[in-house]
1. In segment 365-402, which residue that is charged (D, E, K, R) and open to solvent by 100 Å² or more (accessible area, probe 1.4 Å) is modelled with the lowest pLDDT?
2. Give me the residue from segment 164-199 that is surrounded by fewer than 19 Cβ atoms within 10 Å (Cβ to Cβ) and within 24 Å of Glu120 (Cβ to Cβ) and, out of that set, farthest from the chain's Cα centre (by Cα).
3. Is at least one residue of segment 15-26 without any contact (Cβ under 8 Å) to a residue 24 or more places away in the chain and among the polar types (S, T, N, Q)?
4. With respect to Val45, determine if the residue is touching a helix residue (DSSP H, G or I) at 6+ places or on another chain (Cβ under 8 Å) and in a helix (DSSP H, G or I).
5. Find the residue count for segment 94-107, including only residues that are open to solvent by less than 10 Å² (accessible area, probe 1.4 Å) and touching a strand residue (DSSP E or B) at 6+ places or on another chain (Cβ under 6 Å).
6. Taking the stated definitions as given, is Leu74 aliphatic (A, V, I, L, M), modelled with pLDDT under 95 and out of contact with any Pro (no Cβ under 8 Å at 6 or more places or on another chain)?
7. Scan segment 1-42 residue by residue and report those that are open to solvent by 20 Å² or more (accessible area, probe 1.4 Å), part of a helix (DSSP H, G or I) and touching a helix residue (DSSP H, G or I) at 6+ places or on another chain (Cβ under 6 Å).
8. How about segment 212-227: which of its residues are open to solvent by 10 Å² or more (accessible area, probe 1.4 Å) and under 17 Å from the mean Cα position of the chain (by Cα)?
Amino acid sequence: MKYTKNDIITLLKEENVEFIRLEFTDIFGRARSMTVMPEEFEKAVDHGISIDGSAIPGLGGDNIHSDLFLSPDLDSISYLPWRPDQGKAVRFFCYIKNPDGTYHNCDSRRILKNAMDEAEKEGYSFYFGTEFEFYLFKTDSKGESTRLPIDNAGYMDSTPEDKGDSVRREICLQLKDLGMKPEGAHHEEGPGQNEIDFSYDTPLNAADNAITFCQIVKRVSALNGLAVDFSPKPLSDKAGNGLHINLSVKGEGEDILEHMIAGILEHVKAMTLFFNPTESSYRRLGSFKAPRYISASRGNRSQLVRIPEAKGPYVRAEVRSPDSGANPYIAFALLIYAGLDGIKRKLPLKGGLDQNLYLLTPEELKGWDTIPKSLLEAKNEVIRSSFLKTIIPEDVINFYLR
């Protein structure tokens, strides 16, 4: 729904809203926020709310010229469900602007919006859905995380073995209260490991939802006396946590899904730093179904890109290499640009090995390229990529290279 400033002003009065949370992310996708009173809403829309950019990774230049401004996206309004009826709170996602009113070049939400605009200009629309994996650990007497999972259940086990079922239900209910659409939830392969999946949405909504999801999971876990861990490899000998990204594309032309996938595979080595930005990311890749080889196949979960068995509007591609350290705004933008490149160039999709790649011999795998095996390799791929330099601001690239 499209809202005007006056629509929101009326809503704030009628609903007795007393707090407005303005949310944004730093360059690495970490959620940041500040709260203002409803009396400040018009100022926020007309001029923005000032913040100190120098204190936020990726946004500050120097301490002398550090003022930046939060500009709320009116269409992103939602109620915060844990507030009482008296003293309601609403939340807006924001764009980040410079003092002259231009968008900050390291505003990752704006980077994704630019990618969406480029796709629309070319006649294509992209849709995203995410699958988040996370571990739930017990806490000690001080409320700090232990390394003890809440259960020893396995993939899609049920209660009583699965002790995360009630927590997942509570998470899903809070997500629904925020207007989000969780699609499914289940126990994953590792002990205490869980997964919650989302329905398809526009790239911007899907990325906003990803940020909100992580906040809700942390909040619900803490209220249940548990600690959540989204990191790529919480337990060295167990399955890692992935952020599987499902995407589809609509537009004119034949085989556009295959061309899109071919574009992603063409550029995935250069994009890996943004999908997997930490050292622990590379301890996950290459084990427990987390991909290593640059390949695509139908149905096979050992591939980097899986094309799930589906028909009609449900046909999609699942990119399996990213983890939750990725900034979803930047990750989605990169996938759009890479997919567009594949479509425009009509890149052919090479046949994948429809086998478990981890059971093949080195001889059978000869000739199959791999994604970077370390953070240093990933950084070197970024440095070598001319593609990235045309779509991502230099300042963003430099922050990740650091």
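1. Ranking the qualifying residues of segment 365-402, first place goes to Lys366.
2. Result: Gly179.
3. no
4. Against the criterion (touching a helix residue (DSSP H, G or I) at 6+ places or on another chain (Cβ under 8 Å) and in a helix (DSSP H, G or I)), Val45 qualifies.
5. Initially, segment 94-107 is screened for residues open to solvent by less than 10 Å² (accessible area, probe 1.4 Å), giving 94, 96, 106-107.
Checking which are touching a strand residue (DSSP E or B) at 6+ places or on another chain (Cβ under 6 Å) leaves us with 94, 96, 107.
The total comes to 3.
6. Answer is no for this residue.
7. Lys5, Pro38
8. Keep residues of segment 212-227 that are open to solvent by 10 Å² or more (accessible area, probe 1.4 Å), which gives 214-215, 218-219, 222-227.
Cys214, Gln215, Lys218, listed by residue number.
The values are calculated or read from the model by the stated rules, or taken from the named source; none is laboratory data. Only a predicted model underlies this, so the values are computations on that prediction, with no experimental measurement involved. Counting neighbours? That spans all protein chains shown, and the Cβs are built from the backbone with ideal geometry, glycine included. Heads up: the accessible areas ignore ligands, DNA and RNA and are worked out on the full protein's heavy atoms, side chains in. Shrake-Rupley method; radii C 1.70, N 1.55, O 1.52, S 1.80 Å.
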